[in-house]
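Sharing a structure here in structure tokens format.
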Amino acid sequence: MSHSLVISISGKGGAGKTTFTALLLRELIRSSDYRVLVIDADPAMNLPAVLGCKVKETVGELVDRLEKEVNPDEVTVSFEQMIWETITENEDFALLAMGATERDGCYCTVNRVLARIIDSVSKLYDLVLMDMEAGLEHISRRTDRDVDIFFIVTDASKMGLHTASRIIELTKTLHVDFKHMYLVGNRFPKESVKILYDFAEEKNIECITSLPVDQNISQFNLLGKPLLELPEDSSILLNFKNVVEKYVEPLL
Ligand SMILES: Nc1ncnc2c1ncn2[C@@H]1O[C@H](COP(=O)(O)OP(=O)(O)OP(=O)(O)O)[C@@H](O)[C@H]1O
Ligand SMILES: [Mg+2]
């Protein structure tokens with residue numbers, strides 16, 4: 001594939017988006033030597049901690065620092081260069097944190113910047129993973145319009161399914177045509193998994209996996225340990241092997 005594969009992860013707040021992003025990354029960098037850029041597009045910025053890496057500066061902080069000089073709607077060569085410089089290069093992957101600006105007290109500015117830079121920023125990588133903010137705003141703002149695989153994560157709650165449903169409807173209304181759109185269930189008890197698959201069938205979306213509750217994740221979360229170090233025998237990892245083999249690798 002000549003251009004990079006762009007993957008975005010959406011869903012209700014707390015559904016498991018960041019966990020899914022981190023474990024997908026873990027599997028990708030273990031199974032191959034793909035160059036991966038991970039973008040934390042959620043202003044709450046949990047991803048760096050979950051991955052165990054530091055952020056030099058977020059794009060939001062950069063925009064604030066350049067306050068009067070920069071118009072986020074005009075990403076010039078030098079502005080783009082500065083964004084490049086905020087990327088943290090780790091041994092196996094690179095991380096770009098969008099953050100939020102203080103100047104307008106919200107993340108619309110960085111969302112607009114992200115939509116403009118995604119094409120050029122992703123060129124140097126085989127894969128780009130974007131951990132999106134909860135809800136629907138990034139879809140209506142078309143932040144992730146150039147996405148190849150759009151994963152919607154839902155937990156076992158009415159609200160999780162409702163948000164997934166609204167996301168699916170909104171992509172239709174706005175004619176956002178993702179090449180591949182998949183549903184991911186997280187922490188559904190065995191007896192409720194049927195509800196997940198029935199929902200997927202009703203919405204005409206393929207549900208590709210139902211992630212189990214993993215005690216190691218809870219433990220790592222409590223101790224603040226990076227999920228990239230999750231032990232090999234963790235129950236959830238098989239699901240990710242399968243997701244990468246069946247749904248990601250064939251597109252690379
Ligand atoms: N399969 C799982 N097993 C155990 N714990 C999990 C699992 N999935 C998620 N968690 C825990 O649930 C919490 C919420 O997950 P996560 O942060 O991934 O959700 P999120 O959708 O990114 O949330 P937010 O909308 O706040 O960004 C975290 O504490 C995470 O460790
Ligand atoms: Mg998150």
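Laboratory data are not the source of any read-out in this text; all were calculated from the coordinates shown. All values reported here derive from a predicted model rather than from experimental measurement. We place every Cβ from the backbone using ideal geometry, glycine too, and count neighbours over all the protein chains shown.
Can you spot the aspartates and glutamates whose alpha carbon is less than 14 Å from residue 246's alpha carbon? Ignore those fewer than 8 places along the same chain.
Of all the aspartates and glutamates, those that pass the test against residue 246 - Cα under 14 Å, at least 8 places apart if same chain - are 27, 206.
If I model a spin label as a point 7 Å beyond the Cα along the Cα-Cβ vector, how far apart are those points for residue 190 and residue 225 in nm?
Spacing of the two 7 Å Cα→Cβ label points: 2.7 nm.
Restricting to DSSP H runs of at least four residues, report the calculated mean residue ellipticity at 222 nm for the chain, -39500 (n - 2.57) per run over all residues, nearest 500 deg cm²/dmol.
Rounded to the nearest 500, it is -11500 deg cm²/dmol.
Same structure again: Going down the list 54/225; 12/179; 190/225, which pairs span over 19 Å between their C-alpha atoms?
12/179; 190/225
Right, here's the next one. Using 7 Å Cα-to-Cβ label points, what is the residue 103/residue 85 separation (nm, one decimal)?
Placing both labels 7 Å beyond Cα along the Cβ direction yields 1.7 nm.
Using a Förster radius of 22 Å, what is the FRET efficiency between residue 202 and residue 146 based on their Cβ-Cβ separation? Nearest 0.05, please.
The calculated FRET efficiency here is 0.20.
If you count the DSSP beta bridges with both ends in the chain, what percent of them are antiparallel, to the nearest 5?
Rounded to the nearest five, the antiparallel share is 5 percent.
Which one of 13, 196, 167 is farthest out on the positive end of the charge dipole of the chain, using unit charges on Cβ (Lys, Arg +1; Asp, Glu -1) and the Cα centre as origin?
With unit charges placed on the Cβ atoms, the residue in question is 196.
Quick one: if you stick a label point 7 Å off each Cα along the C-beta vector at residue 215 and residue 74, how many nm between them?
A separation of 6.0 nm, rounded to one decimal place.
Note down the magnitude of the dipole of segment 5-251 about its Cα centre, charges +1 on Lys and Arg C-beta and -1 on Asp and Glu C-beta and zero elsewhere, to the nearest 20 debye.
It works out to roughly 580 debye.
What is the Cα centroid distance between segment 52-90 and segment 143-206, reported in whole angstrom?
32 Å
Using a 7 Å offset from Cα along Cα-Cβ at residue 33, what residues in segment 1-26 end up with backbone N under 13 Å from the label point?
none
Next question. Return the Rg/Rh value of segment 5-251, two decimal places, where both radii are evaluated on C-alpha atoms and Rh is the Kirkwood radius.
That ratio equals 0.95.
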